[in-house]
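Engineer: Quick one: this structure, given as structure tokens, is what I'll be asking you about.
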Amino acid sequence: MKTEEFLKTAVATPGVTGNEGAVAQFIAEAFRPYVDEVSISPLQCVIAHKKGKGPKVIICAHLDEIGMMVSKIEEDGSLRLERVGGVDPRVLPGMRVRVYAKDETLLGVVGATPPHLLKEADRKNNYTFETLFVDLGMSADRVRAKVRVGDTVCFEARYAELKNNRVATKTVDDRGCVAIMLEAVKRMQDMRHEADLYFVATCQEEIGCYGAMVSSFALDPDFAVAFDVCHADTPGAPQGSTQKITSLVSSKGPFLNRCLEEKMEAVAKENGVELQIAVDQRRTGTDADTITVTRAGIPTVLLSLPIKYMHTNVELFDMHALKEGGRLLAHYLAQVQESWEDELWI
């Protein structure tokens, strides 16, 4: 399966935090031809094991997505929502959504009271979840027969291929980074490696990195590579808070291992892969934070894919940067040796 085909299906498959089963099954099947064994954990993490006799390495990118759930059914049948993860209600008006009801998936639109019908003071306020609703175009009785409070609501997936290798779609955070792992493991079919590799698509990152916590505890790796997204250059963004969209970013900070960072930078230079550098003064807000402090501590390096418009249904990224990330990861993992374990603590 080509990386573009994988990603197009992956972002469209529902997987809001806590309900990742469908996308976990899809990702497991995508990895299966390239690894020795694949399993899905009780929390819906996908673990793809490519066996080796050297150090145990866990490579993580989360498969869950932000979304919503039905919090109330109004008298007219419209649905009220509550967020699951970091959904900003200001991006929702006018959006098409999918409601995953008991027996079918329903298309709805997010609406709000028209500004013509609002008082002048109310027109000055931003949208909140209390002012928005989903209209399914159905009678109240039919809605109540199909929809339950707690049902999952997803952004509708549209995969827009733009100019200059750019793609805009939902859930690049973080299935774009799962695609980087898949790109790497495909490349490694023609490469030798010593390390014992566990590619893990983690669940529940958007509400607390719980999948990374349980997976890294269970696997007890010697060290880890974590992937997530960061902000690409955007007009009006604070200076120093964004990166060029054209290449991956390696983070430096107190939660991350300097030796692994230097080795990643050396591999990138050796293979002609552009790699940007960013600084995280404290926590990174990614799976890396949790992995680092699991058990007695797991040395971890963090790579990020820059995207525009994070946590919307038009997250925009550079496909060349994504594929170069896969190439970098493959070469990095192929170079892992037993001697690295001693170097980590020098």
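The values are calculated or read from the model by the stated rules, or taken from the named source; none is laboratory data. Predicted, not measured: the structure shown is a model, and the values here were computed from it. Cβ placement follows ideal geometry from the backbone for every residue including glycine, while neighbour counts extend to all protein chains displayed.
Engineer: Looking at (1) in contact with a Gly (Cβ under 8 Å, 6 or more places away or on another chain); (2) at pLDDT 95 or above; (3) surrounded by fewer than 22 Cβ atoms within 10 Å (Cβ to Cβ), can you tell me which one E270 breaks?
Structural biologist: Checking E270 against (1) in contact with a Gly (Cβ under 8 Å, 6 or more places away or on another chain); (2) at pLDDT 95 or above; (3) surrounded by fewer than 22 Cβ atoms within 10 Å (Cβ to Cβ), the one that fails is (1).
Residue by residue, here is whether (1) small (G, A, S); (2) farther than 17 Å from A61 by Cβ; (3) not assigned by TED's automatic domain parsing to the domain that holds S78 holds:
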{"residue": "F133", "(1), (2), (3)": "no, yes, no"}
{"residue": "L136", "(1), (2), (3)": "no, yes, no"}
{"residue": "A145", "(1), (2), (3)": "yes, yes, no"}
{"residue": "L182", "(1), (2), (3)": "no, no, yes"}
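Engineer: Can you tell me which residues in the range 38-77 are touching a residue at least 12 places away in the same chain (Cβ under 8 Å), among the β-branched types (V, I, T) and not in a loop (DSSP other than H, G, I, E, B)?
Structural biologist: I40, V46, I47, V57, I58, I59, V70, I73
Engineer: So the check is Cβ under 6 Å with 6+ separation or different chains; which pairs have a first residue in the range 283-297 that's at negative phi and a second one that's of a type in the set (K, R) and part of a loop (DSSP other than H, G, I, E, B)?
Structural biologist: Partner pairs satisfying both residue conditions: D289/R283.
Engineer: Report, by residue number, each residue of the range 78-95 that is under 20 Å from P114 (Cα atoms) and in a loop (DSSP other than H, G, I, E, B).
Structural biologist: Selection gives S78, D88, L92, P93, G94, M95.
Engineer: Test of understanding: among A212, A224, which residue is at pLDDT 95 or above, part of a helix (DSSP H, G or I) and either over 17 Å from I291 (Cβ atoms) or touching a helix residue (DSSP H, G or I) at 6+ places or on another chain (Cβ under 8 Å) (or both)?
Structural biologist: Within the list A212, A224, the selection yields A212.
Listed here are the residues, each with its yes/no results for (1) β-branched (V, I, T); (2) touching a Ser or Thr at 6+ places or on another chain (Cβ under 9 Å); (3) modelled with pLDDT of 95 or more.
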residue: A28; (1), (2), (3): no, yes, yes
residue: S39; (1), (2), (3): no, no, yes
residue: Q44; (1), (2), (3): no, no, yes
residue: V57; (1), (2), (3): yes, no, yes
residue: S71; (1), (2), (3): no, no, yes
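Engineer: Output the residue which, of all residues in the range 234-257 that are of a type outside the set (S, T, N, Q) and at pLDDT 95 or above, is farthest from H62 (Cα to Cα).
Structural biologist: The qualifying residue farthest from H62 (Cα to Cα) is K244.
Engineer: Quick check: is even one residue across the range 19-31 touching a helix residue (DSSP H, G or I) at 6+ places or on another chain (Cβ under 7 Å), assigned to a loop (DSSP other than H, G, I, E, B) and in contact (Cβ under 8 Å) with a residue 60 or more places away in the chain?
Structural biologist: no
Condition check ((1) closer than 21 Å to R175 by Cβ; (2) β-branched (V, I, T); (3) in contact with an Asp or Glu (Cβ under 6 Å, 6 or more places away or on another chain)) across all residues:
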site	(1), (2), (3)
A28	yes, no, no
V38	yes, yes, no
E75	no, no, no
L81	no, no, no
V87	yes, yes, no
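Engineer: Looking at (1) touching a residue at least 24 places away in the same chain (Cβ under 8 Å); (2) in contact with a His (Cβ under 7 Å, 6 or more places away or on another chain), can you tell me which one F6 breaks?
Structural biologist: So the condition that F6 fails would be (2).
Engineer: Which of the residues spanning the range 126-153 are surrounded by fewer than 10 Cβ atoms within 10 Å (Cβ to Cβ) and over 28 Å from the mean Cα position of the chain (by Cα)?
Structural biologist: Scanning the range 126-153 gives a single hit, D141.
Engineer: Consider R175 carefully, then state whether it is assigned by TED's automatic domain parsing to the domain that holds V273, at pLDDT 95 or above and under 16 Å from V314 (Cβ atoms).
Structural biologist: In short, yes.
Engineer: For the range 242-263, enumerate the residues that are farther than 19 Å from H320 by Cβ and touching a residue at least 12 places away in the same chain (Cβ under 8 Å).
Structural biologist: Within the range 242-263, S251, K252, G253, P254, F255, L256, N257, C259, L260, E261, K263 meet the criteria.
Engineer: Looking only at residues that are of a type in the set (A, V, I, L, M, F, W, C) and surrounded by fewer than 23 Cβ atoms within 10 Å (Cβ to Cβ) in the range 186-208, which one is nearest to Q276 (Cα to Cα)?
Structural biologist: Looking at residues that are of a type in the set (A, V, I, L, M, F, W, C) and surrounded by fewer than 23 Cβ atoms within 10 Å (Cβ to Cβ), I get M188.
Engineer: Of all residues being of a type in the set (D, E, K, R) and modelled with pLDDT of 95 or more in the range 311-346, which is farthest from I180 (Cα to Cα)? Just the residue, please.
Structural biologist: Per the criteria, the residue is E315.
Engineer: Sticking with this structure for a sec: For R158, state whether it is modelled with pLDDT under 95, closer than 30 Å to G111 by Cα and exposed (fewer than 15 other Cβ atoms within 10 Å of the Cβ).
Structural biologist: yes
Engineer: If D36 passes every condition in (1) buried (at least 21 other Cβ atoms within 10 Å of the Cβ); (2) among the charged types (D, E, K, R); (3) over 13 Å from the mean Cα position of the chain (by Cα) but one, which one does it miss?
Structural biologist: (1)
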